[in-house]
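Note sheet for the following structure.
Taken together, the values in this text are just the output of simple stated rules run on the coordinates, not laboratory data. Quantities reported herein were computed from a predicted structural model and do not represent experimental measurements. Ideal geometry is used to build each Cβ from the backbone, glycine not excepted, and the neighbour counts take in all protein chains shown.
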Amino acid sequence: MKRNVYETLINKYGNKFAITMAAAKRAENLNELSRPLIKSNETNLISIAFEEMAEGYVEIKNSEMLKVLSANVKYSKRIGGESA
């Protein structure tokens, strides 16, 4: 799999866990005799699934919900060993 394929998916969805789960589910479908939706030189089913997702043939349902799930973490320094 090309590195830019994964970067494209991260930029599109922003949630690496959802991308991995969706690719695994699609690879499972491909393993169960589903045909690839694209022409690819790859033989690895996960790589084919990533490419299908990057080209827009396979999408994550409710991808808007992924934005709600992302954490908004603020980092702060502890001063003088005080607990926050």
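What number, in percent, do you get for the relative contact order of segment 3-68 if the mean sequence gap of Cα pairs under 8 Å and at least 6 apart is divided by its residue count? Spell out each step's value before the answer.
Working: 46 pairs, mean separation 27.7, N = 66.
Computed over segment 3-68, the figure is 42 percent.
Arrange the following residues from fewest to most other Cβ atoms within 10 Å of their Cβ: Ile46, Ile38.
Least crowded to most crowded, the residues run Ile38, Ile46.
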Provide, as a two-decimal number, the C-alpha radius of gyration of segment 3-68 over 2.2 N^0.38 Å, N being how many residues it has. 1.05
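Sorted by average packing, counted as other Cβ atoms within 10 angstrom per residue and highest first, what order do 19-30, 3-14 take? List each step's numbers first, then the result.
Numbers: 19-30: 17.0, 3-14: 14.1.
Put in order of decreasing packing, that is 19-30, 3-14.
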Spin-label point model (7 Å from Cα, Cβ direction): what's the Lys25 to Asn41 distance in nm? 3.1 nm
